[in-house]
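Working notes, beginning with the structure itself.
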Amino acid sequence: MKKSLLLAAVAIYGAGLAHAGDKPQSGTIISETSVACGEKKNKDTSVQVLCHEYTVRAAATDYHIRQPKPADEALIPVNTPIEFTLDKDKMKFKAGGKSYEYLVVSEAASLGRL
């Protein structure tokens with residue numbers, strides 16, 4: 001009986017934590033760089049394709065996010081405030097009235113806020 005109560009409590013607690021990831025968080029885009037994310041091949045030559053990579057600073061974490069594939073998207077200005085949600089390795093947010101979905105490539109503790 002004790003095992004089943006413990007198992008039920010853990011399941012309910014775990015479901016609550018999983019649902020908490022859907023909650024929007026506030027952050028600010030603090031930098032932008034262009035990184036290689038593929039190649040385009042034309043007959044005898046190949047050209048590196050670049051993707052935008054941004055650093056988003058949230059409460060105590062800096063996220064490095066990158067376009068999932070090369071695209072002709074406009075740059076998002078530095079110091080743009082955003083509200084984002086995390087879903088596994090993806091960050092979804094709106095900036096300038098447009099919706100974006102980027103891959104989270106790394107995260108680190110924000111040293112400026114500790």
(request) Can you check how the C-alpha radius of gyration of region 24-113 compares to 2.2 N^0.38 Å, as a plain ratio? (result) 1.17
(request) Kindly provide the trypsin sites (Lys or Arg not before Pro) of region 19-65 that DSSP labels as loop, not H, G, I, E or B, and whose Cβ sees at most 13 other Cβ atoms within 10 Å. (result) 43
(request) Could I have the simple spin-label model distance between residue 72 and residue 60, label points 7 Å from Cα toward Cβ, reported in nm to one decimal? (result) 4.4 nm
(request) Work out from phi, with θ = phi - 60° and the Karplus expression 6.51 cos²θ - 1.76 cosθ + 1.60, the ³J(HN,Hα) of each residue of region 56-65, listed in order in whole Hz, and give x for Gly and Pro. (result) 10, 9, 10, 2, 10, 9, 9, 10, 9, 10
(message) Quick check on my link table: of 43/92; 43/98; 23/88; 41/88; 23/90, which ones sit more than 25 Å apart, alpha carbon to alpha carbon?
(response) 43/92; 43/98; 41/88
(request) Would you pull out the residues with amide H under 5 Å of residue 80's amide H, same chain only if 5 or more places away, H placed 1.01 Å from N? (result) 29
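The numbers here are math on the coordinates, done by the rules we state, and not lab data. It should be emphasised that the depicted structure is a prediction, and the values quoted were computed from it without experimental measurement. Positions of Cβ are generated from backbone atoms using ideal geometry, with glycine treated the same way; all protein chains shown enter the neighbour counts.
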